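**Student:** Okay, handing you the structure first.
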Amino acid sequence: MTQVTLQSEVEKLVKEFTIDESTLKVLTEYFIESIEAGLGHSSDEHSKSLPMIPTFVTKVPNGREHGTYLAADLGGTNFRVCSVDLRGDSTFQLEQSKAKIPEDLLDAETSSELFSYLAKKVKQFVERHHADRLSTDEDKHLKLGFTFSYPVNQTALGKGTLIRWTKGFKIQDTVGKDVVELLQIELDKQQVPVKVVALANDTVGTLLSHAYASGASPSGKQGDSVIGAIFGTGTNGCYLEPIDEIKKLDPKIAEELKNKGETHMVVNTEWGSFDNDLKHLPNSIYDERIDKISSNPGYHMFEKRVSGMFMGEILRQVLVELHSKGVIFTQYPNYERLPHRLRTAFELDSEVLSHIEIDDSTNLKETELSLLQSLRLPTIKEERIAIQSIVRAISRRSAYLAAVPLAAILIRTKALEGYHKEVEIGVDGSVVEYYPGFRSMIRHALALSPLGPDGERKVHIQISKDGSGVGAALSVQSST
Ligand code: GLC
């Protein structure tokens, strides 16, 4: 029998976490299939397939849009209120205030506890920045775009019911309710002169704001903006689909839109839910354990392997398992003796992994400090070398998986067909923005995917800052 050592365990793990060319192919093909299935499903409520939610946004901006709009953004655990002045030349001015959602609201009994808090924040912002607009005259009400980064079943630009919470919220009472109405009711109760006219997912905001910013500056433009994507606490993406292909759309609405000359609609894929049935996604014991302790077991299975909320937890699960095998942290005789933080789920932030990923200090001194600081966990050099390999395996798996929906959408939409055709993907989120090498690892995977190296070269992945603020303002614009 071969001896179980830390090194042999790490080698096994790295192998298990590797996504090779054939897996990329299978996943990309399955993603394309899932898009088609999702566009055909009439109800998203209980479906486990790709939600593919119509957003009622029918065009991307060209940079010439203008006006002043409010935007509110409920994303991870922060709530932002902004006022955006679109200047019509691809530039904008933005003022904002940000507040951390109080912990007790994450699992409040009633929706109104959360939404009255949000309305209060909008009120404070309007009083501070738009005192001149504090009119009771309905016509003068400021228009607000609500970026709501959770899966909703959208039935109009300004209407959508929550399918389920993700990213830590657990307010059961909100599920099935129209989140625009919930916010409007509380705004009205508090007599805030604001009308919520558009509901936008953060990915839609990212696509719109990216198109706006690159639109009117042909010199900086490297192609059409075709996908808006988030790789942060959660992960998701949207793109333009021909209206005729969105079979689940009410035929009357589809007809009306086409009569107005509209041809396409942005679809919010909610790719966090790709392959919830785990037909093709890799599934390790760590993924299984995380799913069990998550707030939405069985859902968002792709997100649980890709996004920032889970990368740290995957590492923590791996370390606890290696300890139980007796190959790491051997000074602790049993699980109960491990540092408390190492035993606490979701305690390890992906930011810690981002330091370990690129640590090249002597004896991995920085990793040592990082682990001491974040988990109160002392380590020896051999352990740190092992941990760095594991971190790199986790992030590479995440980035390689992240490439799958991008490749699939580019192939499905034939976005790269045409002479010298190049495309832009607008991205936002802490992982894609700050995790070292994440974007280049996505690129490696794109080249290895069915897109191939030639396709990969024509794709420009660009950070699109403030998507959720500017994008929400732009979605208001598309309502006028
Ligand atoms: C989660 C949400 C989705 C959002 C994404 C990124 O996956 O379900 O709506 O776009 O996180 O924030």
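Every number in this text was worked out from the coordinates using simple rules, so none of it is lab data. Treat the numbers as computed from the prediction; the structure is a model and nothing was measured. Quick reminder, even Gly has a Cβ in these numbers, built from the backbone with ideal geometry, and neighbours come from all protein chains shown.
**Student:** How many Lys pairs in the stretch 1-90 lie less than 29 angstrom apart by Cα atoms, where the lysines are 8 or more positions apart or on different chains?
**Tutor:** Details: 12/25; 15/25; 25/48; 48/59.
Value for the stretch 1-90: 4.
**Student:** Could you state the angle between the C-alpha long axis of helix 381-412 and the longest principal axis of the C-alpha atoms of the chain, as a value from 0 to 90 degrees rounded to the nearest 10?
**Tutor:** With both axes taken from Cα atoms, the answer is about 40 degrees.
**Student:** Just to be sure I follow: if Rg is taken over the C-alpha atoms of the stretch 100-208 and Rh is the Kirkwood radius over the same atoms, what is Rg/Rh?
**Tutor:** Computed over Cα atoms, the ratio is 0.96.
**Student:** Would you mind checking the radius of gyration and Dmax of the stretch 201-344 based on alpha-carbon positions, in Å?
**Tutor:** 21.8, 72
**Student:** With loop defined by DSSP as not H, G, I, E or B, and exposure as at most 14 other Cβ atoms within 10 Å, which is the longest segment of the chain clear of exposed GluC sites (Glu not before Pro)?
**Tutor:** Result for the longest clean stretch: 263-416.
**Student:** Normalised by the empirical 2.2 N^0.38 Å for globular proteins, what value does the Cα Rg of the stretch 142-258 take?
**Tutor:** Normalised Cα radius of gyration, the stretch 142-258: 1.22.
**Student:** Which ordering of 311, 441 is given by a fewest-first count of other beta-carbon atoms within 10 Å?
**Tutor:** Going from least to most buried by this count: 441, 311.
**Student:** Where the convex hull is taken over the Cα atoms of the stretch 310-430, what is its projected area averaged over directions, in nm²?
**Tutor:** The Cα convex hull of the stretch 310-430, projected and averaged over all directions, gives 9.6 nm².
**Student:** May I ask which residue of 423, 350, 63 lies farthest towards the positive end of the charge dipole of the chain, with charges of +1 (Lys, Arg) and -1 (Asp, Glu) on Cβ and the Cα centre as origin?
**Tutor:** 350
**Student:** Taking amide H atoms as placed 1.01 Å from N in the peptide plane, list the residues 5 or more away in sequence, or in a different chain, whose amide H sits under 5 Å from that of residue 284.
**Tutor:** So residue 284 has HN proximity to no qualifying residue.
**Student:** Any lysines with Cα under 19 Å of the residue 421 Cα? List them, leaving off those in the same chain fewer than 8 positions away.
**Tutor:** Straight-distance partners of residue 421: 221, 458.
**Student:** Measure nothing fancy, just the Cα-based angle from helix 308-324's long axis to the longest principal axis of the chain, in degrees from 0 to 90, nearest 10.
**Tutor:** Compared with the principal axis, the helix lies near 20 degrees.
**Student:** Follow-up. Arrange 319, 377 by Cβ neighbour counts within 10 Å, fewest through most, would you?
**Tutor:** Values: 319 23, 377 20.
Least crowded to most crowded, the residues run 377, 319.
**Student:** Determine the equivalent ellipsoid of the chain by diagonalising the alpha-carbon gyration tensor, then write out the semi-axes as square roots of 5 times the eigenvalues, largest first, rounded to whole Å. Before the final figure, lay out each step's value.
**Tutor:** On the way: eigenvalues 298, 143, 86 Å².
Each semi-axis is √(5λ); the values are 39, 27, 21 Å.
**Student:** From the P(r) of the stretch 387-461, can you give the percent of Cα pairs sitting at distances over 19 Å?
**Tutor:** Numbers: 934 of 2775 pairs.
Summing the P(r) of the stretch 387-461 above 19 Å gives 34 percent of all pairs.
**Student:** Then there is this: Which one, 395, 364, 5, projects farthest toward the positive side of the charge dipole computed for the chain from Cβ point charges (K/R +1, D/E -1)?
**Tutor:** 364
**Student:** Across 10 Å bins from the origin, how do the percents of Cα pairs in the stretch 233-283 run, short distances first?
**Tutor:** 22, 37, 26, 13, 2
**Student:** Still on this structure, please answer the following. Among 271, 165, what is the fewest-to-most ranking by other Cβ atoms within 10 Å? Intermediate values should be presented prior to the final figure.
**Tutor:** Values: 271 31, 165 18.
In order of increasing Cβ crowding within 10 Å: 165, 271.
**Student:** Right, next: What translational diffusion coefficient, to the nearest whole µm²/s, does the stretch 55-122 have by Stokes-Einstein, given a Kirkwood radius computed over alpha-carbon pairs, a temperature of 25 °C and 0.890 mPa s viscosity?
**Tutor:** So the translational diffusion coefficient is about 176 µm²/s.
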